[in-house]
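Presented below is the structure to which this report refers.
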Amino acid sequence: MMKIGIRVDANEIVATGHVMRCLAIAEELRKIGQELLFISADDFPRPLIEQKGFEFVSLQTDWKHMEKEIEQLQAVIDRYHIGLLLADSYYVTRAYFERIHSFMKVMYIDDLGKEVYDVDCTICYADYYRELELEERYPSNVKLLLGTRYAPLRREFSNLPQKIISPEIKEVLVLSGGADPYDFLWNFSQKLTESALFETLETVRIICGRYYDKYGELTEKFAGIPKLRFHKAVKDIEKYMLSADAAVTAAGVTTYELCAAGVPAVTYTIADNQQGNARVFQQEGIMEYAGDLRREPVIERITGLLDGKYRDFSYRSRVSEAMRQRIDGKGAERIAKSICQIKKR
C-alpha cells in the first residue's frame, strides 16, 4: 500500500498548532487503514508525533526555506513509497508545489490564501474562508474543502457532552498554544492576581504549551497562590475546557476546540494569521476579541470583559450554543475521507 506523507513543522516559533491538526487527520486516516509518515525539517516535533505511534522522518533542512528541501523530500517519498503528500506550512511557495506536484499528488492546508497553488486539493477550514475568495481563484479541477465543517479536531471533540453553563464565573481557563513568545501567561497571571476580578474567582487554570520554557519559574513565582493552578502540555484539554466557566485563548486552533466544547471565550492574537479567526468570531457574536498582544493593552481588556459582559449568564448561554452549532468536531474525519478519494484517483 502506498503511504500518505504529512509534511509539517513545529518549534518554538511556529508552535504546535500545525502538527496538532495534522495529527487529528492522521488519527482518522489510521482508523480507516491508511499508513502514514510524518516528515519535518528537523527533529523538534519528533516526540509529539512518535508518542502518537506515527512514523517520523527528519529532512535536516531549514523549515523557513522549503524550496531547498525538495531533493531530500523526493528521496524520502521514493524510499517510503508515498503516494500523496499533505502539506501544512506557511513557508511553501508556488515553485515548491509545482516541483512536488510534477511527481505526486498533493494537498495543502491553507488558512492564508496568499497564492493559488498547483495542488490536487486545498483545505481551508477557517471561518473567514469566503474573504479569501478561493472558489473564485482556484481552477475547477482542484478540490476545495472549505469552512468550519472541515476544522480538524481530535475525535474526542466530536462526542463531548453538552456544556453546562454556570450562573456565575468561578473557574477560568487560560491558554496560549504550544509556545508563548510574548510572555502572555506570565504577565496575565501577574495582572490577574492584582485585579478585583481575581477575588471573585475560585480557580484559574493556566495551560502552558509543550515549548513553554518558563514553566518552572512561573510555578515557583505563584506557588503561594492556590487559586492559580498550572499545567503543561496536557493530553486531555477537553476535560479542562468542560470544567471552565470561561476561557482566554490565543486565536489559533484552540478557538475551534472551544467552540466544539461550547466554552465562552475571550481571544487575543499574537500573529497576523490569527487575526482573521478573532475578527470573524467577534463579528458573528461567538467570541469577544481583546486585541493584538503585540501592540494593544490586551490583558486589561480581557479582565474587563470577564468582569463585565461575561458575567451575564444569558450571554454565556447564548454564545455557548452558537459555538457548538458552528463546530461539530467531525472535520478531521471528513478530510480523511477526501484524502482517500484523491489518493485513489
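How big is the C-alpha Rg of the stretch 65-164 next to the rule-of-thumb value 2.2 N^0.38 Å, as a ratio?
Relative to the 2.2 N^0.38 Å estimate, the stretch 65-164 comes out at 1.24.
Net charge near L145: determine it from the other residues with C-beta under 11 Å of the C-beta of L145, scoring Lys and Arg +1 and Asp and Glu -1.
+3
Over the chain, give the accessible area per residue in Å² for a 1.4 Å probe, as an integer.
42
Name the residues whose placed amide hydrogens come within less than 5 Å of the amide hydrogen of G147, ignoring near sequence neighbours (fewer than 5 apart) on the same chain.
Placed amide hydrogens put C124, Y125, A126 under 5 Å from G147.
Non-local amide H neighbours of I6 (under 5 Å, H modeled in plane, Pro and chain starts lacking H): which ones?
The list, which skips near neighbours in sequence, is L37, F38, I39, L86.
Highest GNM mean-square fluctuation, the chain, Cα pairs closer than 10 Å: which of I225, I206, I39?
I225
Set the Förster distance to 41 Å, then compute FRET efficiency between E194 and I164 from the Cβ-Cβ distance, nearest 0.05.
0.85
Which residue, G33, G331, G291, tops the fluctuation ranking in a GNM of the chain built on C-alpha contacts under 10 Å?
Answer for the Gaussian network model of the chain: G33.
Please list, short to long, the whole-number percent of alpha-carbon pairs of the stretch 20-70 in consecutive 10 angstrom bins beginning at zero.
The percentages, shortest bin first, are 24, 49, 25, 2.
How large is the accessible surface of Y182 in square angstrom, using a 1.4 angstrom probe and rounding to the nearest 10?
About 110 Å², rounded to the nearest 10.
Principal axis extents for the stretch 128-265, Cα atoms only, whole Å, descending order, please.
The Cα atoms of the stretch 128-265 stretch 60, 34, 27 Å along their principal axes.
Find the lysine pairs in the stretch 124-247 meeting two conditions, Cα atoms under 28 Å apart and a separation of 8 or more places or different chains, and report how many there are.
26
Which value, in nm² and rounded to one decimal, describes the direction-averaged projected area of the C-alpha convex hull of the stretch 1-127?
Directional mean of the projected Cα hull area for the stretch 1-127 stands at 7.5 nm².
When the distances between all Cα atoms of the chain are binned every 10 Å from zero, what whole-number percent does each bin get?
Distribution as computed: 5, 26, 33, 23, 11, 3, 0 percent.
Please state the Cα pair-distance histogram of the stretch 177-235 with 5 angstrom bins from zero: what percent is in each bin?
4, 18, 32, 25, 14, 6, 1
Using the Karplus curve 6.51 cos²θ - 1.76 cosθ + 1.60 with θ = phi - 60°, what ³J(HN,Hα) values do you get for each residue of the stretch 24-32, in whole Hz, with x for Gly and Pro?
4, 5, 4, 4, 5, 5, 5, 5, 9
I'd like the carbon and sulfur percentage of the solvent accessible area for the chain, probe radius 1.4 Å, heavy atoms only, ligands and nucleic acids excluded.
Ligands and nucleic acids excluded, carbon and sulfur give 47 percent.
Please compute the Kirkwood hydrodynamic radius over the stretch 206-290, one decimal place, Å, based on all pairs of different Cα atoms.
Answer for the stretch 206-290: a Kirkwood hydrodynamic radius of 14.0 Å.
Given H placed on each backbone N at 1.01 Å, which residues far from K105 in sequence or on other chains put an amide H within less than 5 Å of it?
Residues meeting the criterion, in which the H sits 1.01 Å from N, are L85.
How large is Rg/Rh for the stretch 262-345, to two decimals, with Cα atoms and a Kirkwood Rh?
Radius of gyration relative to Kirkwood radius: 1.13.
The values are calculated or read from the model by the stated rules, or taken from the named source; none is laboratory data. This one's a predicted model, so the numbers in the text were calculated from it and none came from an experiment. Positions of Cβ are generated from backbone atoms using ideal geometry, with glycine treated the same way; all protein chains shown enter the neighbour counts. Please note that ligands, DNA and RNA were not included when accessible areas were found on the heavy atoms of the full protein model with its side chains. Shrake-Rupley method; radii C 1.70, N 1.55, O 1.52, S 1.80 Å.
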